[in-house]
Amino acid sequence: MAIRVQEAAFDPGAEVNALHAANVGVGAVVSFVGYVRDFNEGREVSGMFLEHYPGMTEKALGKITAEAQQRWPLLKLEVLHRVGSLEPGEPIVFVGVASAHRQAAFEACDFVMDYLKTRAPFWKKENTSAGPKWVEGRESDHAAAGRWTKP
Amino acid sequence: MSVNVQYFARYRETLGLDGEQVEGNFPNIDALRLHLLAREGVWEVLGEQSLMCARNQELCQLAEPLQAGDEVAFFPTVTGG
């Protein structure tokens, strides 16, 4: 399991290929890539700054990936999240999951993103046409995360 | 007792402070929050319903008990991903 929190840009294609490299037991790789949009809540966005809580960020992501490993039979799991200044079109986050069969990979990837969005200490501040603006948390994200705790 | 309090994102900006040592008798995080809220003015931001908190870098509830030397963080709803 790999967790990376970095300012540097990354290549999602290279990350996907690395999940399969040298392991022919991997039958399925599912990945999610989140990108910076140029528009949000009716305003143009020219870029954003991602703040985080160094120390807690790594711990929170470690907890989330450990839980995903407990719930599904995974061969590899990678979470990569950028911090600092980002421009529209750049990837922000990558979650990649490798397993023997697709179901576990699909579900684990979905789970990790839902928990990351509601439990990992990152905050987005957008540079909008109306000035800098902190992005507010969304109820739909909490509802999505809640799906995983239902019996 | 003394606790190390950290503020992030919009709270950090509103308060003009990223962290401080706070002295007092705080049985739990909510007691600490109410102590800070009593400073009034910009500190009213800690009265938001959506406030989140962490103790020693783990998410927790406001009822979480505190011990001397703990690191406590207050922040708005997280928005990563």
| region B:3-36 - residue that is assigned to a strand (DSSP E or B) and touching a Phe, Trp or Tyr at 6+ places or on another chain (Cβ under 9 Å) and, of those, farthest from A:Pro54 (Cα to Cα) | B:Val3
| query | What residue, of A:Ala98, A:Ala60, A:Ala66, is crowded, with 20+ Cβ neighbours inside 10 Å, at pLDDT 95 or above and either away from every other protein chain (no Cβ under 13 Å) or more than 12 Å from B:Gly80 (Cβ to Cβ) (or both)? | reply | A:Ala98
| request: Scan region A:33-55 and give yes if some residue there is of a type in the set (S, T, N, Q) and in contact with a Pro (Cβ under 6 Å, 6 or more places away or on another chain), otherwise no. | output: no
| message | Looking at region A:81-107 only, could you name the residues that are part of a strand (DSSP E or B), of a type in the set (A, V, I, L, M, F, W, C) and either touching a residue at least 60 places away in the same chain (Cβ under 8 Å) or in contact with a Ser or Thr (Cβ under 8 Å, 6 or more places away or on another chain) (or both)? | response | A:Val93, A:Phe94, A:Val95, A:Val97, A:Ala98
| task | Search region B:1-33 for residues being of a type in the set (Asp, Glu) and more than 13 Å from every other protein chain (Cβ to nearest Cβ), and hand back the single one that is farthest from B:Asn56 (Cα to Cα). | result | B:Glu23
| task | Out of A:Ala120, A:Ala108, report the one residue that is small (Gly, Ala, Ser), buried (at least 20 other Cβ atoms within 10 Å of the Cβ), over 22 Å from B:Phe74 (Cα atoms) and modelled with pLDDT of 95 or more. | result | A:Ala108
| field | Residues of region B:37-81 satisfying the condition of being touching a helix residue (DSSP H, G or I) at 6+ places or on another chain (Cβ under 6 Å), part of a helix (DSSP H, G or I) and surrounded by fewer than 20 Cβ atoms within 10 Å (Cβ to Cβ) | value | B:Leu37, B:Val42, B:Trp43, B:Val45, B:Gly47
| remark: For A:Ser129, the lone unmet condition from (1) facing another protein chain (nearest Cβ under 10 Å); (2) farther than 24 Å from B:Glu58 by Cβ is (1)
| note | Scanning region A:69-95 for residues that are within 14 Å of another protein chain (Cβ to nearest Cβ) and more than 16 Å from B:Gly80 (Cα to Cα) gives none
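The values are calculated or read from the model by the stated rules, or taken from the named source; none is laboratory data. Note that the structure is predicted; figures quoted are calculated from it, not measured. Because the Cβ atoms are built from the backbone with ideal geometry, glycine has one as well, and the counts that use them run over all protein chains shown.
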